[in-house]
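The values are calculated or read from the model by the stated rules, or taken from the named source; none is laboratory data. The model shown is predicted, which means the values in this text are computed figures rather than measured ones. Reconstructed Cβ throughout: ideal geometry from the backbone, glycine too, with neighbour counts over all protein chains shown.
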Amino acid sequence: MTADGKPYVLVVEDDAPVRNLIATTLESQNYKYMTSVNGGQAVMSAASGNPDIILMDLGLPDMDGVDVIKKIRTWSVAPIIVISARSDDRDKVDALDAGADDYLTKPFSVEELLARLRSTLRRIQYLTQKGDNEASIFHNGSLTIDYGAGTVHVGEKEIHLMPLEYSLLCLLAQNVGKVLTYQFILDKVWANAIESDMSSLRVYMASLRKKIEKDSGQPQCIQTHIGIGYRMVRLN
Amino acid sequence: MESEERKEQPRRGKLKIFFGYAAGIGKTYAMLQSAQKAKESGIDVVAGYIEPHTRAETMALTQGLEMLPLKELKYHKLALKEFNLEAALERKPELILVDELAHTNAAGCRHEKRYQDIKELLQAGIDVYTTVNVQHVESLNDTISGITGIVVRERIPDSVFDKAEQVELVDIEPEELLERMKKGRIYGENRADRAMYNFFTKDKLLSLREIALRRMADRVNLAQAAMAHSKRETAEHILICLSPSPSNGTVIRQASRMAVAFHGKFTALYVETPEASEMSREDIRQLNENTRLAEQLGAKVVTSYGSDIVEEIAAYAEVARVTKIVLGRTYTKRRLLFIKDSFSEQLSRLAPSLEIFLIPDAYDRKYKSVRKRKKPAVEQKRIWTDAGICALGLLCSTAIAFLLNRFFGFSAANVVMVYMIGVLMSAVFTSRQIWGIIASVMSILIFNFFFTEPYRTLQVNDPGYLITFCVMFITAVISSALTKKVKNYAQQNAKKAYRTEILLETSRKLQDAGSLENIAGRTAEQLNMLLERNVYFYLGKPGKDSRPVVCKADEEASDALGDSELAVAQWTYRNNKHAGFSTQTLPGARCLCMAVRSTDKVFAVVAIDMEHRDISAFEEGIMGAILNECAFALEKEELIIERKEADMKLQKEQLRANLLRSISHDLRTPLTSISGNAETLMGNDSQLGTVQRKAIYKDIYDDSIWLINLVENLLSVTRIENGSMKLNIQGEIVEDVITEALKHVNRRGRMQSIRVECDELLMVRIDVKLMLQVIINLIDNAVKYTPPHSEIWIRAKRIGDRAVVSVSDNGPGIPDSEKPKLFQMFYTSCNSVADGRRGMGLGLTLCQAVINAHGGEIKVYDNVPKGTIFRFELEVEDVIL
């Protein structure tokens, strides 16, 4: 993190116009950044520059983006936001499972990019705070989880959750701001996941959302990423 | 058949035969030597089967050769060792040695004869070395048994010998052979050979050697003829008649040698007479064997139906331009009371231009006795009914005669005529001609007894009556014979009519079958009706997972073949040959498997559960015709399918061309706007006011968003149109999908209100990416084609086990005339907004394709009081928590 609290961003993108677009956007927000045009360079920059956030295009000329993520993840925990073309969900899921935190689909809007960056930043800040006071209580917007007592409140009201719903909520809360793939959630919450659990996951998530969202038609806290997974958004 | 086999396999193995005139001349030795040489030159050689020799020199040569393990079979507590064909095919060497070509395999092997094993090896592309002695060659069999006095039962068809790529004659002087024999160096390879040596004298050996050398020379001649490509197809056509007589074999062999010598055509004719149905089991077996022999020796087998064999032969000879006919003496059959010319004389009268060859026949007497002994047993029952009919006829005639004579006063001479009726009745209703004659004799006696003076005696006073009797008797005999003949013809015709009817019906049924499965089903039905047995019809390659079309005669039969029967069916499919029961391949099987084939392709395999009973030649003929008919229908059907596919391809090509044309047109407009606007901004930035600039930015943004949506739809459309699309079906909550879709809807500058009414936790099985696209398109359309402040509803409701999703609006609606065209590609509503481009009309096409791929249908309705509803159904997934 630079002195003024602005993050240091590594942009990995082989396509010059898109790279320029991202660069311009970052400049407009006074973010510091460096760019890499291929996977090899990206690994080098990540190691030498120690960036706070990495924006990574999956289609790189020299190596697969997912492999780059795996390499970087061997030593770095810096959040990685994947940028990919919209048609291949599989790539996104693979990238998320490999350790990426979030994804953006081309074509993306500049607003969207900035929103993601901000949300990731909040997450970093939260993580560093958490390191300070070892929170056993989780706050996000009006949502409060008391891990010690095992209770959940929305505003002042206590919410009654089924055990599986609670586990789901805790998992999302612990990874707030990060997109969790279906498979990841299944592996963590369901002990022995089988194919049919995929649908029960959807149902539990829907009912959980009903309980904690103000308007389940316009979910604020838990986002659905169709075909990929779920994410709890860090709210202010 | 041979030629068909060749087409199937690009490379066929080569056969080399080591040929000798007697056991012990060193064929196996020569074969092993060649094998060792081949091995030295780096060829992968395996010894498949070598007769165990006690000759040390021979056995020494097997050293260093890989020996294939033999197949061990138990047969009546006897452990038999046989060549292991399956292992050989599995091992697939370049060259395999299989001794004793003429060997007959023990029961339980795949084929009856070893030469069939070898044929299969060759077909699999494996070269084969083998050995054979001259006395095993089919066509030389009679000649040699004439010399040695021993009938060899293990024989190979001449075609195997003649088609071998190489035949090496292993030859030593008879003196040397006798010398070897005396030294005890040879122990016959089988008992027959050993026995032979007891008879061996030098002159017998000499004549055997001569035959062997001559056969070799014949082979060379044949090869030369083939090389010169001038297959001297002289106009010779040689005909033989098939009969159940054991001596028929001699005739067939003789004729085949003639056919080869003359380079002529060779046909074996079987005339099925009404009496054929009375044939004993033994006769049927012998007939089948003879038929098979004729086929092996290259004859075309033809069957015709008729009561008079001679006439049928003469008729066939004329039609088929037969030049020579070879006959055995069996056919000289005398009929009771008729003085008949010999068979050959009759034939020469009917077909004077035919050359007739007669072969002396030693088995004749034995054959006839077999037939006579069998007959009464079968006929026992009929005799009583026939006698009854006769008696009844005579009784009635007598009663009527009495009436006429006593009460109406007709003279005895007139009354005689009444008895004619009785005789005719007996002739018509009994099964054999003899009853007609018995009836005529009886009627004369009865007439004599009752109506001539002196009454009630068999004496006759008036000599005039004697003439009456004579005339009556002759008339009675002739008329009964005629009746019989008419009856036979009727039977014959009925059979022919039945055959024609079945075939006509089959062909009509197959004609409008419409699909491969239907053709299979109907063929199985027809066969089942004809044979009254279980029929299994495998389309394509028979396998464990392929389900046959089954037509059962026996309700309790299984729905598929067992493993061993399936193996037979598979063999049939691979080799394009009949196999199983009553054939020479895998005869131990329960089923007869037949390939349904056109000239070069096997379409299907039909397995018929034979229940250990043969089927008659007549039925077999019809069966063959039905299968041909079926193959023809299948071929036609496949052609139609191919043509349809080609048409579809063409259509797709056209579609693609349309798409490209349309894309390039529709892309140009927004691209022009984007690039033009950007250019304006770059060049005249300073001259533009803030408002103008904002307007330009907005245009650029809108156009690019429009392009993005277009590309999304295009991608999905091409995925579907390619057919490469695999739906990634998963359970999804409808509400989530709708919420997600609403995020993507382009509502910029529109003021419609969108409402969602959705059942809670409604989970459906969909490909979420594609379904999202569908909902986005439907909502986009609703937004696009309705005026501001219209209302749009998205509803999802569970009805039964289907989820009904609808997108409706209260806009202007769609006129009925346009509804059918809505889902066509590149269709856009003509009353679209004035700017002239409203997408390419891909959206609804895509929706339809996606919904269809999900097994549903998208429909458009009018909303009340106005507007449009698009509605489709999805499969609900029940969630177990």
Fill in the blank from the handout: Note: among B:Leu503, B:Leu510, B:Leu482, just one is over 30 Å from B:Asp614 (Cα atoms) and either modelled with pLDDT of 80 or more or surrounded by fewer than 20 Cβ atoms within 10 Å (Cβ to Cβ) (or both), namely B:Leu482
Completion exercise
Checked A:Ala95, A:Ala78 against criteria (in a helix (DSSP H, G or I) and not hydroxyl-bearing (Ser, Thr, Tyr)); the one match is A:Ala95
Handout entry: Criterion: in contact with a helix residue (DSSP H, G or I) (Cβ under 6 Å, 6 or more places away or on another chain) and either in a helix (DSSP H, G or I) or modelled with pLDDT under 85 (or both) - qualifying residue of B:Asp666, B:Asp699, B:Asp647
Key = B:Asp699
Practice task
Just give me the residues in the range A:215-236 being in contact (Cβ under 8 Å) with a residue 12 or more places away in the chain, more than 9 Å from chain B (Cβ to nearest Cβ) and part of a loop (DSSP other than H, G, I, E, B), in sequence order.
Solution key: A:Gln220, A:Cys221, A:Ile228, A:Val233, A:Arg234, A:Leu235, A:Asn236
Fill in the blank from the handout: Within the range B:11-32, restricting to residues that are in contact with a Gly (Cβ under 8 Å, 6 or more places away or on another chain) and more than 28 Å from B:Glu173 (Cβ to Cβ), the one that is modelled with the lowest pLDDT is B:Arg11
Exercise for the section: Report those helices (runs of 4 or more DSSP H) wholly inside the range B:14-129 carrying at least 1 residues which are touching a strand residue (DSSP E or B) at 6+ places or on another chain (Cβ under 8 Å) and either hydrophobic (A, V, I, L, M, F, W, C) or assigned by TED's automatic domain parsing to the domain that holds B:Val167 (or both). Expected result: B:27-40, B:85-91, B:114-123
Problem - Selection within the range B:675-705 - within 14 Å of chain A (Cβ to nearest Cβ) and acidic (Asp, Glu) - result: B:Asp702, B:Asp703
Handout entry: Filter pass, A:Tyr103 being at pLDDT 85 or above, within 20 Å of the chain's Cα centre (by Cα) and of a type in the set (Phe, Trp, Tyr)
Key = yes
Exercise for the section: Name every residue in the range A:33-75 that is charged (D, E, K, R) and either part of a helix (DSSP H, G or I) or at pLDDT 90 or above (or both), in order of residue number. Expected result: A:Asp67, A:Lys70, A:Lys71, A:Arg73
Handout entry: Selected residue (only one of B:Ala589, B:Ala595, B:Ala607 is buried (at least 16 other Cβ atoms within 10 Å of the Cβ), closer than 30 Å to B:Asp563 by Cβ, without any contact (Cβ under 8 Å) to a residue 60 or more places away in the chain and in contact with an Asp or Glu (Cβ under 9 Å, 6 or more places away or on another chain))
Key = B:Ala589
Practice task
Filter the range A:153-210 down to the residues that are buried (at least 16 other Cβ atoms within 10 Å of the Cβ), of a type in the set (Lys, Arg) and more than 18 Å from the chain's Cα centre (by Cα), then identify the one that is farthest from the other protein chains (Cβ to nearest Cβ).
Solution key: A:Arg209
Problem - First in the range B:489-508 and part of a helix (DSSP H, G or I), second anywhere and modelled with pLDDT under 80, Cβ under 7 Å, 6 or more apart - result: B:Gln491/B:Pro274; B:Gln492/B:Pro274; B:Gln492/B:Tyr305; B:Gln492/B:Gly306; B:Gln492/B:Ser307; B:Lys495/B:Tyr305; B:Lys495/B:Phe618; B:Lys496/B:Tyr305
Handout entry: Filter pass, B:Asp361 being surrounded by 20 or more Cβ atoms within 10 Å (Cβ to Cβ) and at pLDDT below 80
Key = yes
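Yes/no matrix, rows are residues, columns are (1) at pLDDT below 75; (2) part of a loop (DSSP other than H, G, I, E, B); (3) buried (at least 16 other Cβ atoms within 10 Å of the Cβ):
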position: B:Ala834; (1), (2), (3): yes, yes, no
position: B:Arg838; (1), (2), (3): yes, yes, yes
position: B:Thr845; (1), (2), (3): no, no, yes
position: B:Val864; (1), (2), (3): no, yes, no
position: B:Ile869; (1), (2), (3): no, no, yes
position: B:Leu874; (1), (2), (3): no, no, yes
Problem - Those residues of the range B:772-797 which are more than 14 Å from chain A (Cβ to nearest Cβ), out of contact with any helix residue (DSSP H, G or I) (no Cβ under 8 Å at 6 or more places or on another chain) and not small (Gly, Ala, Ser), in sequence order - result: B:Val783, B:Lys784, B:Tyr785, B:Thr786, B:Pro787, B:Pro788, B:His789, B:Glu791, B:Lys797
Completion exercise
Screening B:Val322, B:Val326, B:Val302, B:Val310 for residues that are part of a loop (DSSP other than H, G, I, E, B), modelled with pLDDT of 70 or more and β-branched (Val, Ile, Thr) leaves only B:Val322
Handout entry: Selected residue [modelled with pLDDT under 85, assigned to a helix (DSSP H, G or I) and of a type in the set (A, V, I, L, M, F, W, C)] from B:Leu727, B:Leu770, B:Leu761
Key = B:Leu770
